[in-house]
Structures are given as C-alpha cells and as structure tokens.
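> One structure, pasted below without further comment.
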Amino acid sequence: MTVTEEEKIVSMIKFGILSPEEIRKMSVVEVKSTETYDEDGLPVPHSVMDPHLGAIDPGHICPVCGNSIKGCPGHFGHIELALPVINVIFIKYIYDVLRAVCANCGRLKLPQKDIERGLKYYRKLNERHPYLARRFSEYIKKRAIKTTVCPHCGYKQPKLKLTKPITIEEYNEETRSYIRLNPLVIRSRLEKIPNEDVELLGFDPQESRPEWMILTVLPIPPIAIRPSIMIETGIRSEDDLTHKLVDIVRTNERLKEHIVAGAPQIIIDDLWELLQYHVTTYLDNEVPGFPPAKHRSGRPLKTLAQRLKGKEGRFRGNLSGKRVDFSARTVISPDPYISINEVGVSVEVAMKLTVPEKVTEWNIEELRKCVINGPYKWPGANYVVTPDGRRIDLRYVKDRKSLAESLAPGYIVERHIRNGDIALFNRQPSLHRMSIMGHIVKVLPGRTFRLHLAVCPPYNADFDGDEMNLHIPQTEDARAEARELLKVQYHILTPRYGGVIIGGLQDYISGAYLLTVKTTLLTKEDVMELLSSAGVVKELPEPAILSPRELWTGKQIVSLFIPPDFNYHGKASISAGHLKCEDIECFWDSYVVVRTGKLLMGVLDKKSIGAEQQDSFFYFLVKEYGADFAVNFIDSVFRMFIRILEKKGFTLRLDDVAIPEKAKNEIIQMLMESFKKVQEYVDQYVKGVLEVVPGRTAEESLEIKILEILAEARDKAGEIAVGYLDPFNHAFIMARTGARGNVLNLTQMAATLGQMTVRGERIWRGYMGRPLPHFSVNDLGPIARGFIVNSFYSGLSPTEMFMHAAGGREGLVDTAVRTSQSGYMQRRLINALMDLYVEYDYTVRDSSGSIIQFLYGEDGADPAKAPHGKPINVERIVERVIGWKL
Amino acid sequence: MVSKRGSSVSQKILEHELVPKHEVVSLKEGLEVLKKYGIKPDQLPWIKANDPVAKAIGAKPGDIVKVVRKTPWGGEIVVYRYVVP
Ligand SMILES: [Mg+2]
Ligand SMILES: [Zn+2]
Ligand SMILES: [Zn+2]
C-alpha cells in the first residue's frame, strides 16, 4: 500500500454546508457526458463512471492517487448546474431566513442597535452555552420575521408563502397574487445578507453561508459509494444513485444547450423544474408532495436520504445495530429437569459454537481429544490457532491425529461448547435487563433450546413457537462477567421493585398445594421417590402417623428443605370465600405458619411460592438465604411439586366444569329475574320516567343500570355454580390456588358467559337499531345487546357466538395497538436515558459527566433491595428477631 | 402580569409549602461544590435566571443556587442549580 499511514487524533468535528468553491476544489473531474460506457464497455471520461472517481476494479490503478482498489479512498467529481436549484434538505431554513431578512437590502429586519447588541450577546453565549445560543438566535429570528417594515431601508416587506414541498411564493401588491420566486432570485437575496446578520441567525458564516443552501454545483460521489453489480449474464446493473446522477447530468446538459441556443423561457423553465425534480429526488426520494422517482420495475429508488433513514438505515441498521458471530437461534421448549441456571443446547448447535481455549499442560490431553474428534463429532473443535497466529480449519485437515500430537502450550483450540460453559440467552423484545441472562450450557439431544419453566416470566417466553438467541462469550473477562453478574440466579429479584420474578407458576403451584394439603399422606416409598426426584439424600423425620402404617405428611417433606432458623406467617391464596382465615387460628389450613424451619400449618400455593408475590414465603427465603439457596430450592423442592402431580395425575377435563341440573335451573331462574329487572328499567326509559344518573343522559343512565344488573347476575351465577363444584375438582384447585384461571373463568365455563362489551358498552353497532337482523329493531333487552346466557359447557347459540367474537376482537385489536405504541415509547425513553450512570459518589451523571441527580433517586436506595419502594421492612425484622409476627 | 424582583407577589412564592428552600451560595461555597463533584459550573443542572424562584431570591446568571428539599422518608437532600440566562 502506498498510502502513508499517519497517526492523527480527531479533536473536533464541525458540520457545515459545502460552498461551490469547495465542491470544485475537491472535485477531480467535471461530469458532463450523458453517456456512461462506450461500445467496448469502457467508462466514458467525464461521465458519472469516470475512472478518476476512484479505482473500483481489482487490478486497476487510480489515475488520481495511484492506488489500487485497496488503497484508493475514492474521489469526488462535480456537475456545474446550468441554473441553480434548491437543496430540499434546507428548504425550511431557506424559507425562515428569507422571511427574517429584508427583501430589498438583505439586512436582518431588526434595528442596527439591536443587531450589534444581540451579536455581542450571542457570541458570548455561544462560547459557554451553545444550547442557549441556539435558542437565542431562534428568538431573534422570530422577532425579525414579525417585522413588516425594514428598519434599515424602510422597504415594506411583501408576504412570503411556502407551498410544500419547495415552492416559495411572494405576494405581489400590483397583481394582487402570489408569484413564485425562482432559485436564482432566492440565491441573490441570500447573497446580500451581511456576515454579521447571518451569524446572529445561528449560521457560521465561514462554514455555511445561507446562499450555499441553493445548489449551483453538485458534488458527484465516488463510485465506491454506488458500485455497479454484475448479473450472471454479464449485464451491468447500476446503483440507484448512479441512475439518478445520469438523470441529473442528462437534464443539465439539455438545459445548457437550450440556454445557449436561446430557447423560449417556457422550455427553459420546464427543464429547470425537471432538473430541480431530479436533484430533489436524488437527495431524498420521500419528500412529501413529490412523486418518488421509480425504477423501471416500479420500485421507488433508494437515494441518499433513504440510505441513512429509518430502521434499516445506516445509523440504526449499521452503526447502532451490530451483527455477531458465535450466536445461535432456534425454537425453545420446556425442560423441568434442568436447573434454572441451565440452558439445553442441541448437539448440532454445540458443534457450531466454539470457545477459544489456550493449550496448557493441564488441559492438553483433553484438547487433543477435541482436535481428534474434529468439527463433526461432539465434543470436538473447529479451529486450531498456532502460536504464530495461523488459523487451521479442522474441516480441511486430513490427519487430525498428527495435528493433535503437535499441540503444545501456546496453541489455541477453538473447541465446541460443552456442559458447564457459560452462554448468554436472550429473547426479543429485550425490554429489560432480564431479557438477556447467563445460562450454563447443557448439551442435550433434540433440536431446540431447552429452558426451565420458572425462567419464562422474565423472558416473557412461552412454547407456542417462540425462538430465542444464544451467544457464547469469547473472552475470559466476558465469561467472568456473565458468570458473576448475568446468571439467572442473580435475577430472581427484579431491579424494578425488588420482588421475585422467578418463582413458582402454574403446575408448580398446583403441585405445591397437592403436596402440602392435609389429605396427602405419604408412605416411606412415596417419600423416598419424592426425595430422589429432588436429587437429595436426607434422613427422614419421625412419621406423622405411626400405626397402622408409617405415614408422612407433605408438610414434613417440604420442611426438610427449609433452613432451621426460618420463621414465616402469611395467608394462602386459598384463603377466600368460606375458607378465609386471617390469622393463626385457622381451621381451613389456609394460613401458612413456618416456625424454626418447620411448615406447621397452611398449604403452599401462589401466595407463598408464586412469582411476583409481595412479602411471601419464597421471597423471604430468597432474600435471607441468598441466590444459591434459592436456586437449590427451586431445583429440588419445585421438582418434588411436579413429581407429586405425576404421581397423582393432574389434568382438567370437561366434567370438571359440569354442574348438576338443579344448579342450572337455579342459575336460569336467577337470570330470568335479572332480565325482568332490566325490562322494568327499559319500560321506565321508554315511558321517560327513568331515574337519571347525575351528569348522564337518560340513555346512558339506562345502559349503566343494565350493565350493573347484568354484571351482578353473572357474579351470582358464578357463585351458584362454584358452590356446586367439588373443592378437589382439578379446575377448581387451579383457580383457588392461583395456579391458572380464576373464578370468572370457571363461571364462564360452568354457568354463563355474561355480558359481552365493545368499548365498555353493550354491543349495539351493526344494523339500524339492532346489532343483528335476528332481533327486532330497538330491542334493548339483554339478549339483543350481547348478553350470553349459555356457558362454554352448554355451548353458544349462533347469535351468541357472534357477540362473543365481537367482544373478543376488541381485546386482540388493543393488544396489537398497545405493543406497537409501547415499543416506540420504549425506544424514545432508552435513547434519552441510555448513557446515564451512577458514579461512585452516588450521583447520576450523563456521558459528559454532567450531574443529573445529586443522589441516585434522591434517596440513594437501590430498588432491587428496597421492595416496593420501602427501604426497610420493620415487621419482618421483628418477626425474625422474636420469632413471630406481632 | 409583570412582577418585579422583590415585589410582594414574587416574594410570596418562597412561602409556599411546596417550594423548597432556595439560596444563592457564596463564591467560596460554590467553588467547594464544584470541587466536591469534580465538575465545571455548566455541568450542574441549570435554572433559568427568569425562573420565578431565581428572580425571587435575586439569583444572577453565573450564580450557584442551593436547594434543600425534604424527602418522603423525612430526610433532606441538598441539590445545586447553575443559573443561566
Ligand atoms: Mg409465544
Ligand atoms: Zn484514488
Ligand atoms: Zn431593507
């Protein structure tokens, strides 16, 4: 390479507008030929493909700098425009400046005294607070625009109008109409503004004179920026930018010819406008009000602005968005038999992802085995890097055995990942820090990534086809960080409010209930089976029942895993309805009591072991015994919960929501009464004697009252149905313990679906005075307005099904709307906050070191350690010290 | 309504219970604050000179204002503002 390598430090970047002189100075060739290639396929000199614009073919030498393709940076050319055109990007500023400045003398429309004083002030401000200086010139501009008579020459200012996209018109007093100002006129007006006035308007007159916003010379970018593509057939296909440049050159040359030939003004104006169009779309092909320039196929061209803008643009797509190696993506599926800290990786994936491992005398034998196994047998290796930096691709090594022999300390083997390696696991959208966590690799058969069910909530993952990404850290530092900071166990408590987000859910909760419920008594075999599923060997406590058989309670088994100094009191989820218990005097086993590590009373359910429960049994275990303990607890006790379900069998069937005939009649009776009440209100409304709710119309009042009655009716129906359900019915167990579903779901399955609503109103849109033609016009009764009498068990009638679909659709629509809106909001928030950090003195700083907060959160509290905003939980401290809650 | 500095209206805002205590710090104390945080004055949060409180206490551009706020937990937090035009 002949490029002289000089080391330089960038101390400042200054943006400005290129002046015509500058464009000419940096240009290596003036482009004026409309032909790009001659008959031999060689680029025509002075065309947009002129070889001076930079070497692009390998082997070619650049005529300007003498480099080959590798060293030539590319060079700019230029076009001398026959007539000036407006640069669309600056149109707003052109319009503003024109209005702020006298149309006659070109001075800023403020008294000389104000200009002088303002300029002094502006310069001082610009030194210390550039941000304020910008606001000041904005204010100056506003004031100048308001002035209607020039204070310098007394010229009365004509009104200016900007017609989108780029037409500026001036009001003519004589013709009493707006007349278009052409770029030539605009440019001459901008030229007249003295430097001082320009500066006060916020421009730097040295770097960007306002008249430079009108183009008279157009730079031609190097070919390297718009390479042509060879299609297989040998036909050359040019870049969109090149196409656009050719258009510009062609129009420009024609315009030149016509001017020289002295063509009529109309023809010249037409061509001028065409030139303006081409230059505009070359800069930005999505200017509103301009038809976008299209390719022959009808596809809009991707011109300069389109390369930069938007999600796939240069900034968001290439500079902020990075693509990485050592990553994998596949479908996820559940595996309750791995640890929450682990991720199951398929063998196929494990053979593609590698870790560079330095050969030492302690691992040389192991790495030799990897090299011998090679790239297609796990656990093998894909590359060997020799001490002199040569990378040997094991796919092409014939004799791997001898290569393995030649390994010595100092070599690096890029071996396959294997059990125990650390990986980063991620699911999009990555909305919070728990969206990327560190997992220990466990290589398993199959083709999916496996994860423990308890880590689904932080990722918001389910298994209906979700895919996740896996990344393998490549340096020792990265691996240490992942292990010590990112592992799942360090994220059991969320930094948002300090609660547990990784805890029991769904079947774990049903299982916990079934294990700890009073009716569960376990034989020695049962107990041993459970303990073995937890993977522990423990001495059994004294059995709860000695004769006729030795039997243990589930509570005893769970107690084996609770630290002996742990105390806890709290309500269970099942503490509701007639099983409600407020304190230790509980007959229903719905109040949990743990004393000195023994679960004495109460069943474990969602309130005790569930995720996102305040001040729960599991929360205090995590908080007081640490992450390692919590992982162990989940990996052993939670597995027992699953095991007991497997032993007993736990499923939901149709009969679970079947209710006896008697209950059905009761419900129908009750609904009929409610319908009668509704009819009474409707009659009152029709007669005009309905009592009106303050601030509402009669119609609204009627609707409110009807909705009230019908909601009440549905709740009552639920109560009746639930009253007839067996408390050990599996669907009911799940609802009571909080494992899945709630009483409303049960009501809808067993008793009645109730009122369907759209936007909080009964369904009435559709036909005139009725939602469906099956009803009579203006029927205000429950059925005609979307009340569903049937349950999912009994099945819906056709009209009911329609109403249900109408109600259900609303839910789908607003989830779709909400996600897109919150996504955009998140992006804006993150862009604003991303580089704030807490300094060692607890101040919050931005990237320049400026202070945002003098003490983090103004109280210095870490929300991860101050649950729900409270730094100290006094009650819990008392309970721990004296053993019980006061 | 234009209220002059020191007029009764602008003084009254300082008495409102939701307006924390503001005071202009001395040059010496100001320098100590800057030294404590290792920053230049414009790296402090700003308050505009025409902010009602700044006018009421007579703060001029270039001054540093000390604000003492009560926290919900009963403590006090001291923050500083740099007065800008
Ligand atoms: Mg899904
Ligand atoms: Zn070159
Ligand atoms: Zn004038």
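The values are calculated or read from the model by the stated rules, or taken from the named source; none is laboratory data. In this text the structure is predicted, and so the values were computed from the model without any measurement. Note that each Cβ is placed from the backbone with ideal geometry, even for glycine, and that neighbours are counted across all protein chains shown. In case anyone asks, the SASA skips ligands and DNA or RNA and just uses the protein heavy atoms, side chains included. Shrake-Rupley method; radii C 1.70, N 1.55, O 1.52, S 1.80 Å.
> Hey, what did the stretch A:543-665 get for relative contact order, percent, Cα under 8 Å, at least 6 apart?
Working: 138 pairs, mean separation 21.5, N = 123.
Reported as a whole number, the value is 18 percent.
> Using a Förster distance of 30 Å, how high is the FRET efficiency between A:Ile830 and A:Ile704, based on the Cβ-Cβ distance and rounded to 0.05?
Numbers: r = 42 Å, r/R0 = 1.40.
In this case the efficiency is close to 0.10.
> At R0 = 30 Å, how high is the FRET efficiency between A:Ala408 and A:Asp325 if r is their beta carbon distance? Nearest 0.05 is fine. Don't skip to the answer; put the middle values down first.
On the way: r = 27 Å, r/R0 = 0.89.
That gives a FRET efficiency of 0.65.
> On average, how many beta carbons from a partner chain sit within 10 Å of the beta carbon of a residue in A:846-859?
Details: counts 1, 0, 4, 5, 8, 8, 1, 3, 10, 5, 0, 1, 7, 5.
Average neighbour count from other chains, rounded to a whole number: 4.
> So what is the relative contact order for the stretch A:5-111, in percent, with contacts set as C-alpha pairs under 8 Å and at least six apart?
Reported as a whole number, the value is 20 percent.
> Let me ask another. Once you put a point 7 Å from the Cα of A:Leu812 and another 7 Å from the Cα of A:Ser430, both along the Cβ direction, what distance in nm separates them?
3.2 nm
> Taking the Cβ-Cβ separation of A:Asp726 and A:Glu582 as r and a Förster radius of 30 Å, what is the calculated FRET efficiency to the nearest 0.05?
Calculated transfer efficiency: 0.70.
> In the neighborhood of A:Ile13, defined by Cβ-to-Cβ distances under 15 Å, what is the net charge if each Lys or Arg adds +1 and each Asp or Glu adds -1?
Spelling it out: positives minus negatives among the neighbours equals 0.
> What is the sum of charges around A:Asn126, taking Lys and Arg as +1, Asp and Glu as -1, for the other residues whose C-beta is under 12 Å from the C-beta of A:Asn126?
So the environment of A:Asn126 carries a net charge of +3.
> Per residue, how much accessible surface does the protein assembly as shown expose to a 1.4 Å probe? Answer in Å², no decimals.
55 Å²
> Still on this model: Relative to the first principal axis of the alpha-carbon coordinates of chain A, what is the inclination of helix A:364-373, with its axis defined by its Cα atoms, in degrees from 0 to 90 and to the nearest 10?
80 degrees
> Using just the helices of chain A, give the 222 nm mean residue ellipticity in deg cm²/dmol: DSSP H runs with n ≥ 4 each add -39,500 (n - 2.57), and the total is spread over all residues, rounded to 500.
-11500 deg cm²/dmol, from helical runs alone.
> On a 31 Å Cα-Cα criterion, which of the cross-link pairs A:Lys25/A:Lys244; A:Lys8/A:Lys352; A:Lys870/B:Lys66; A:Lys487/A:Lys518 come out too long?
Too far apart for the 31 Å limit: A:Lys8/A:Lys352; A:Lys487/A:Lys518.
> May I pose another question? In nm, to one decimal, how far is the modelled label at A:Glu624 from the one at A:Arg299, with both set 7 Å along Cα→Cβ?
6.6 nm
> Ranking request for peptides A:500-511, A:623-634: highest mean number of other beta-carbon atoms within 10 Å first, then the rest in descending order. If you can, show how the numbers build up before the last one.
Working: A:500-511: 24.5, A:623-634: 17.3.
Descending packing order for the listed peptides: A:500-511, A:623-634.
> Sticking with this structure for a sec: According to a simple spin-label model (label point 7 Å from Cα along Cα-to-Cβ), what is the distance in nm between A:Glu253 and A:Arg134?
4.3 nm
> Also: Kindly count the pairs of lysines across the stretch A:575-726 whose alpha carbons are less than 22 Å apart, treating pairs on different chains or eight or more residues apart as eligible.
Summing the qualifying lysine pairs gives 23.
> Taking both sides together, what accessible area is buried at the A/B interface, probe 1.4 Å, expressed in Å² and rounded to the nearest 100?
The A and B chains share an interface burying roughly 1600 Å².
> Between the helical axis of A:524-534 and the dominant principal axis of chain A, each derived from Cα atoms, what acute angle in degrees is found, rounded to the nearest 10?
The angle comes out near 10 degrees.
> What percent does the relative contact order of chain A come to when contacts are Cα pairs within less than 8 Å and at least six residues apart?
With pairs under 8 Å counted, the relative contact order is 7 percent.
> Cut-off 12 Å, label point 7 angstrom out along Cα-to-Cβ of A:Asp859: give me the residues of the stretch B:47-85 whose amide nitrogen falls inside.
B:71-76
> Tell me, which residues of the stretch B:43-80 get at least 20 Å² less accessible area when the other protein chains come in, versus the chain alone (1.4 Å probe)?
Buried by the other chains: B:Gln43, B:Pro45, B:Trp46, B:Lys48, B:Arg69, B:Trp73, B:Ile77, B:Val79.
> For A:Lys377, go through the aspartates and glutamates and keep the ones whose alpha-carbon is under 16 Å away, minus same-chain ones fewer than eight residues off.
A:Glu348, A:Glu366, A:Asp393, A:Asp399, A:Glu414
> What part of the accessible area of chain A, given as a whole %, is carbon or sulfur when the probe is 1.4 angstrom?
55 percent
> On to the next question. Beyond a 23 Å Cα-Cα separation, which of these cross-linked pairs lie in this structure: A:Lys164/A:Lys309; A:Lys70/A:Lys309; A:Lys442/A:Lys555?
The answer is A:Lys70/A:Lys309; A:Lys442/A:Lys555.
> If you take every residue apart from B:Thr71 with its C-beta less than 10 Å away from the C-beta of B:Thr71, what net charge results, scoring Lys and Arg +1 and Asp and Glu -1?
-1
> Right, something else. When N is the residue count of the protein assembly as shown, what does its C-alpha Rg come to as a fraction of 2.2 N^0.38 Å?
So the protein assembly as shown has a normalised radius of gyration of 1.28.
> Straight-line reach from A:Lys358: which lysines have a Cα under 17 Å away, not including same-chain ones fewer than 8 places off?
Reachable lysines: A:Lys369.
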